[in-house]
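Worksheet: the structure to be examined is printed underneath.
The values are calculated or read from the model by the stated rules, or taken from the named source; none is laboratory data. Values in this document were obtained by computation on a predicted structure and should not be read as measured data. Here the Cβ positions follow ideal geometry from the backbone for every residue, glycine too, while neighbour counts run over all protein chains shown.
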Number of protein chains: 4
Amino acid sequence: MTESTQTAVVGVTGYAGAELARLLLRHPRLGGKPPVFVARGEGRELSNGGIPLIEVHPQLADNNGAGNLRMEAFSWELLAERGVEVLFLATPHEQSREWAPIALNRGLRVIDLSGAWRLHQPSNRAVYAFPDEGSEQARATQAQAVYGMPELHRGRIAGARLVANPGCFSTSVILALKPLTAAALLDLNHGIVADSKSGVSGAGRAPTPRTHFMYAADNLSAYGVFSHRHTGELLEQIGVGAGEIVFTPHLLPIPRGILSTIYVRFKQAQTRDALAQVYRNFYASCPMVRFHEKSLPQIQHVLHTNYADIGFELDAGGERAVIVSCLDNLLKGAAGQAVQNLNVVLGWPEAEGLT
Amino acid sequence: MTESTQTAVVGVTGYAGAELARLLLRHPRLGGKPPVFVARGEGRELSNGGIPLIEVHPQLADNNGAGNLRMEAFSWELLAERGVEVLFLATPHEQSREWAPIALNRGLRVIDLSGAWRLHQPSNRAVYAFPDEGSEQARATQAQAVYGMPELHRGRIAGARLVANPGCFSTSVILALKPLTAAALLDLNHGIVADSKSGVSGAGRAPTPRTHFMYAADNLSAYGVFSHRHTGELLEQIGVGAGEIVFTPHLLPIPRGILSTIYVRFKQAQTRDALAQVYRNFYASCPMVRFHEKSLPQIQHVLHTNYADIGFELDAGGERAVIVSCLDNLLKGAAGQAVQNLNVVLGWPEAEGLT
Amino acid sequence: MTESTQTAVVGVTGYAGAELARLLLRHPRLGGKPPVFVARGEGRELSNGGIPLIEVHPQLADNNGAGNLRMEAFSWELLAERGVEVLFLATPHEQSREWAPIALNRGLRVIDLSGAWRLHQPSNRAVYAFPDEGSEQARATQAQAVYGMPELHRGRIAGARLVANPGCFSTSVILALKPLTAAALLDLNHGIVADSKSGVSGAGRAPTPRTHFMYAADNLSAYGVFSHRHTGELLEQIGVGAGEIVFTPHLLPIPRGILSTIYVRFKQAQTRDALAQVYRNFYASCPMVRFHEKSLPQIQHVLHTNYADIGFELDAGGERAVIVSCLDNLLKGAAGQAVQNLNVVLGWPEAEGLT
Amino acid sequence: MTESTQTAVVGVTGYAGAELARLLLRHPRLGGKPPVFVARGEGRELSNGGIPLIEVHPQLADNNGAGNLRMEAFSWELLAERGVEVLFLATPHEQSREWAPIALNRGLRVIDLSGAWRLHQPSNRAVYAFPDEGSEQARATQAQAVYGMPELHRGRIAGARLVANPGCFSTSVILALKPLTAAALLDLNHGIVADSKSGVSGAGRAPTPRTHFMYAADNLSAYGVFSHRHTGELLEQIGVGAGEIVFTPHLLPIPRGILSTIYVRFKQAQTRDALAQVYRNFYASCPMVRFHEKSLPQIQHVLHTNYADIGFELDAGGERAVIVSCLDNLLKGAAGQAVQNLNVVLGWPEAEGLT
């Protein structure tokens, strides 16, 4: 059992990065070892010893001195000097694609929050148009990557060198459906519908017309219909064909949180009890999934937590169900799951630092 | 052609009632004839000549004198005295069930905004458990009722004595689907999914735990799964069986607006152009439906208007479509459609007072 | 009395521009003469006959053909060709500073929504750092400019060539205070405090870190303390010295609306009735100001209207009052007041097209 | 030094109660001793062994068993049986007024979150109209009560039997002003203005017209002008006369958070550095107050924390300042400060369990 480890985070300026910093700073096993926060590039601001972390994220401040941490200019040498063992990449997928192989070569473990290494089928990766697609290095790196959803792949994540942290929408939909496909209950001829709604933090920190308050507030809009990048994760992890699921994301007028409403048909009529038992069994040893016996989950109950909440309603005939799945897109959908993966990789209790 | 008419509104205190008051007060054909606003009951407040309308709805005030209107105590005699010809019932369905027959007997036309008279199949009405179900009077009244969606029933609404104004969710889903079922394009074996999201005004003005700001804000929740009262309207108006559509409403953290995301499969592969032509043709003479050729509608663009906006995306194979339909639940979903029905009933231009 | 007029709008792409377009398109006197919408620059998009207005503002669409209007490339020749008589500038102040003199020379009337021509004292203008400050042309143009608040300057606005439409915050504060300073009731030694709160549309359409949904939502922040550009308008129009008023704007997590809470002391103790009479008298012939006798105004009641609502509370001794003033920053705070000015300039009823 | 203690909470169903439960459940010194949660009354639900806490507050659930806690029917015997030493009253002030003396008599320490025991001057208490005003018991109880703001009264809170936890608005305004009045810097002749804005949780959990989403959303309103109950706390704690401060609360369209904008004049011109030093010194040993050197605080940065953030701007002449003070009304404004008081009462580190 590892006692502690030295971590580093690239990309701390984004929303998921801020949550990752918060979680790592208060993680009980990392108490004496605050993460190294690094920023790509060599801007004048960084060259002068770095930018105080609390200038970027004032909410991380306290007046006890934790505010002394700085975001430094990235270099592989810096990481080596500081003895970094685990590197979190909260970076655009293009950068993760480039840096993960280098980090692995230098002996670092990598937990990558981007979409760079999540997909194993080339056809599913096509939507990313990776420039190194087909290269030997990309192939070898992908071969080491484990899809970082502990509820599905705990055994392979333990000790992994490269963890591909899942997409936020994907996590919400996969956790709702996997128990049913694993038990071969679904009539896939009828097709699954996953109607997902996400808060605005999912759209990133860059100011754009879509993230403008005036666009997002008092509004709801669908986007990426039949084309969203998370679809490939659904296919690979749930184990369904491209024609067997339709996934539609929507932009909610709230800062954070995802709710997915998922419509399925069963091969054979189900009872409420039997179906509940399927979920209970599947998640029996999963501390971060809460199955709701009596009511449907809602976004408020998962905000600022790493839980995924799941509930369902069955129709009168037991042939169709509506499953509702909620999580905080910055936690179970990003930074929280990344820390959960850290715990599993290093053999620590899975929920440590997360409850 | 009727030049004008004397209207009355029962139930002006609710959100739909307020919009109805606003629309009628500025309707060009009703200029000289402000509606009679009446409240059920005989409270002390009402007995003293009524309550100023602007105490109930300050936003209706201006300083030119229109603020002199009062909400008076209801009596059939009052309506007769004032020469009321058209009675709007913005009342709970129990009350509409009781009053509509009386009003018809007294020679009034009725435009009812509740669910009292929308459903023609007894099985679909079961969810309301009307106490007079099966009575001769109820049967006779229902027989006169026309479902008040001018885009579908314009001819029968013209001159109607009793118009059953549609539900807000129903309007949004029916307008999106009717062109497709009318053209027999859908493969109903696969089932339709209608995932609808509504602002909080749809939950009514009564303060309840669900309408508390703390419940609704920064949240999203599904409700009424497999059991919402609007389902019967979908079955009757779209023309599908109970097993062929699943409808799930959600409560959005915004004051008003509905967006429905609807998932369908086609019997035969469609092209984008062919499908667009179906919508264009169906709504060619419908001034209050806007078909979006290039983009999906969103809630912001219909707020404070009586438009229903519809758009769709087709999958690569042309076999599945996601249709998005938006409207303002208080206007096209309630008061606006009621005024549209008034126009059609009396032979006035359908969009008069609504654009 | 002018029957109609040909208007043009530069800067229709912003939030105030959209409201201006909406108001002008439905103005009863402009029915046959839709405004000419022009955009600075000669982008490829514009060169091809212009951009459909409804691509920029989908909410302006209907399906009756008004959607055929286009935003065209600006040229003085175009304006001349179309017979434009009144030019609305919904442009940055730098551009208004440059174009207003040209427009005046070409015989156009100008209603400028920017801060370019609002301030008569050079010291108050310093905050804008106009590059042409002190030039003869600027001096001559400023001399023609009338501060476009009809409640204060109706007589001088009538027939004016150049109307400087007031700032949104300024309108809210000036309308609350002017009746009191005009009656010399205030003890200015004690200083006035104007604490104003505005929705996000006041920050403009450009996506910036401050207009990002994640910044504005679930938040409140003060800004421009002791330095906001609207302060000069307060000094000149209310008639107080720089040391006699403090004005602090805040960014509210709502799309639109301004509420100002204003704290004053009186030279002599006042009664509620006497003070109410002061407001009633001052605004007796002002159709767009609503004085609240019994309650304090709130933002909801003015949204989507051109009204400014004013109310107050007096302390037990009658020596101090808190005045609350509300308006819609895009209407009475911008486009609505601009149309009100158009009406006054041309001798039309002041509230025409605004109620 | 006490190692641990047995606590109980009455009134856990409210918003502050929920936060209190959350903080106590994760407090490092209370690990083995979860609080006893009790509800007034003897409803049928309670009689059957109590209501699961997570039915009342689903967000407190995890799937590790902490969800086994129940809310039990209150009795003094129950508290005695469980060995309760510290009783938190998150109850209406009428109930705290009745129960605090009983609890003290039974040897319990009390931390009361209501307004029952905050005010020492009878004239300031008049607004509450306590029925036992003037009774010997009330006098004796009040004499034991310490105003629970550790930054001002740390020494007297240590070991106290009855702590009157401050009001949320009061905390925000007192912390901003006390350093200035303590240093006798303010010119009180000119009067202080405290313009405060609070999220909706401050209005309590009862569904009322004011807490309806439709009232609070997209709105801002002032209330309690010249009459809010927290005013007395300002007078007593800041040390100013009734005529020397005006306090106006507003209802913000956000769930939680308070921002107060406070306007002061100085006896003598100040420099930014000197004033900053006053704040730094005053809060040098206060772990829960963060003084902002360079920027103004905003609500987002204190949400879900127990910090009070304070910053200011000085005018050019150094004679006037605008001070901005932010906190989370449910934490530093209620439950967090209550736990801070628990820590101080028992001699534990002041910020334990709060960062």
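Here is a list of conditions, (1) more than 23 Å from A:Ala222 (Cβ to Cβ); (2) polar (S, T, N, Q); (3) in contact with a helix residue (DSSP H, G or I) (Cβ under 7 Å, 6 or more places away or on another chain), and B:Ser260 meets all of them except one; can you say which number that is?
(1)
Hey, can you tell me all the residues within region C:198-210 that are in contact with a His (Cβ under 9 Å, 6 or more places away or on another chain), crowded, with 22+ Cβ neighbours inside 10 Å and facing chain A (nearest Cβ under 8 Å)?
Narrowing region C:198-210 to residues in contact with a His (Cβ under 9 Å, 6 or more places away or on another chain): C:198, C:200, C:205-208.
Add one more test, that the residue is crowded, with 22+ Cβ neighbours inside 10 Å, and what stays is C:198, C:200.
C:Val200, the sole residue that qualifies.
If you check C:Asp218, C:Asp195, which single one turns out to be within 20 Å of D:Pro249 (Cα to Cα), within 14 Å of chain A (Cβ to nearest Cβ) and out of contact with any His (no Cβ under 7 Å at 6 or more places or on another chain)?
On the way: C:Asp195 fails: within 14 Å of chain A (Cβ to nearest Cβ).
Answer to the check: C:Asp218.
Of the conditions (1) farther than 29 Å from A:Leu259 by Cβ; (2) surrounded by 23 or more Cβ atoms within 10 Å (Cβ to Cβ); (3) not hydrophobic (A, V, I, L, M, F, W, C), A:Gly148 clears all except one; give me its number.
Going through the list (1) farther than 29 Å from A:Leu259 by Cβ; (2) surrounded by 23 or more Cβ atoms within 10 Å (Cβ to Cβ); (3) not hydrophobic (A, V, I, L, M, F, W, C), A:Gly148 breaks only (1).
Give the number of residues within region C:221-250 that are under 17 Å from C:Ser201 (Cα atoms), part of a strand (DSSP E or B) and more than 8 Å from every other protein chain (Cβ to nearest Cβ).
Residues in region C:221-250 being under 17 Å from C:Ser201 (Cα atoms), part of a strand (DSSP E or B) and more than 8 Å from every other protein chain (Cβ to nearest Cβ): 1 in total.
Within region D:217-236, track down each residue that is surrounded by fewer than 18 Cβ atoms within 10 Å (Cβ to Cβ), in contact (Cβ under 8 Å) with a residue 24 or more places away in the chain and within 23 Å of C:Ser196 (Cα to Cα).
Within region D:217-236, the first condition is being surrounded by fewer than 18 Cβ atoms within 10 Å (Cβ to Cβ), and the residues that meet it are D:223-224, D:226-227, D:236.
Among the residues that remain, those that are also in contact (Cβ under 8 Å) with a residue 24 or more places away in the chain are: D:223-224, D:227, D:236.
Within region D:217-236, D:Tyr223, D:Gly224, D:Ser227 qualify.
Go through region B:285-296 and report how many residues are within 14 Å of chain A (Cβ to nearest Cβ) and either among the polar types (S, T, N, Q) or under 19 Å from the mean Cα position of the chain (by Cα) (or both). Spell out the reasoning first.
We begin by selecting, within region B:285-296, every residue within 14 Å of chain A (Cβ to nearest Cβ); these are B:292, B:294-296.
Subset that is either among the polar types (S, T, N, Q) or under 19 Å from the mean Cα position of the chain (by Cα) (or both): B:295.
Qualifying residue count, region B:285-296: 1.
Do we have C:Gly134 as over 22 Å from C:Leu20 (Cβ atoms), among the small types (Gly, Ala, Ser) and at pLDDT below 95 here? It would help to see each step written out before you state the result.
Working: over 22 Å from C:Leu20 (Cβ atoms): yes; among the small types (Gly, Ala, Ser): yes; at pLDDT below 95: yes.
Against the criterion (over 22 Å from C:Leu20 (Cβ atoms), among the small types (Gly, Ala, Ser) and at pLDDT below 95), C:Gly134 qualifies.
Please find, within region D:195-211, the residue that is nearest to D:Ile323 (Cα to Cα) out of those that are part of a loop (DSSP other than H, G, I, E, B) and not polar (S, T, N, Q). Break it down into steps so the answer makes sense when it comes.
Start the filter on region D:195-211 by keeping residues that are part of a loop (DSSP other than H, G, I, E, B), which leaves D:199, D:204-211.
Restricting the remaining residues to those that are not polar (S, T, N, Q) gives D:199, D:204-207, D:209-210.
Details: D:Gly199: 19, D:Gly204: 27, D:Arg205: 30, D:Ala206: 33, D:Pro207: 34, D:Pro209: 32, D:Arg210: 29 Å.
This residue is D:Gly199.
Given the structure, is A:Arg280 at pLDDT 95 or above, away from chain B (no Cβ under 11 Å) and touching a Phe, Trp or Tyr at 6+ places or on another chain (Cβ under 9 Å)? Show your work before the answer.
Details: at pLDDT 95 or above: yes; away from chain B (no Cβ under 11 Å): yes; touching a Phe, Trp or Tyr at 6+ places or on another chain (Cβ under 9 Å): yes.
In short, yes.
Taking only pairs six or more apart or across chains, which ones have beta-carbon atoms under 7 Å, a first residue in region C:147-160 that is under 16 Å from C:Gly239 (Cβ atoms), and a second residue that is surrounded by 15 or more Cβ atoms within 10 Å (Cβ to Cβ) and basic (Lys, Arg)?
Pairs that qualify, where the first residue is under 16 Å from C:Gly239 (Cβ atoms) and the partner is surrounded by 15 or more Cβ atoms within 10 Å (Cβ to Cβ) and basic (Lys, Arg), are C:Tyr147/C:Arg118; C:Leu152/C:Lys178.
Is it the case that D:Val345 is at the interface with another protein chain (Cβ under 10 Å from one of its Cβ atoms) and within 20 Å of D:Ile174 (Cβ to Cβ)? Show your work before the answer.
Details: at the interface with another protein chain (Cβ under 10 Å from one of its Cβ atoms): no; within 20 Å of D:Ile174 (Cβ to Cβ): yes.
No, not satisfied.
How many of the residues making up region B:185-195 are in contact with a helix residue (DSSP H, G or I) (Cβ under 9 Å, 6 or more places away or on another chain) and surrounded by fewer than 24 Cβ atoms within 10 Å (Cβ to Cβ)?
Result for region B:185-195: 6.
What residue, among those in region C:301-310 that are of a type outside the set (Phe, Trp, Tyr) and within 9 Å of another protein chain (Cβ to nearest Cβ), is nearest to D:Val246 (Cα to Cα)? Spell out how you get there, then give the answer.
Of region C:301-310, the ones of a type outside the set (Phe, Trp, Tyr) are C:301-306, C:308-310.
Now restrict to residues that are within 9 Å of another protein chain (Cβ to nearest Cβ): C:301-305, C:309.
Details: C:His301: 26, C:Val302: 26, C:Leu303: 28, C:His304: 32, C:Thr305: 31, C:Asp309: 22 Å.
The qualifying residue nearest to D:Val246 (Cα to Cα) is C:Asp309.
Can you tell me which condition A:Gly257 does not meet? The list is (1) within 14 Å of chain C (Cβ to nearest Cβ); (2) under 28 Å from B:Gly243 (Cα atoms); (3) not acidic (Asp, Glu), and all the others hold.
(2)
Just one of B:Arg272, B:Arg265 is on the phi < 0 side of the Ramachandran plot, within 14 Å of chain A (Cβ to nearest Cβ) and in contact with a Lys or Arg (Cβ under 6 Å, 6 or more places away or on another chain); which is it?
Values: B:Arg272 fails: in contact with a Lys or Arg (Cβ under 6 Å, 6 or more places away or on another chain).
Criteria check complete, one pass: B:Arg265.
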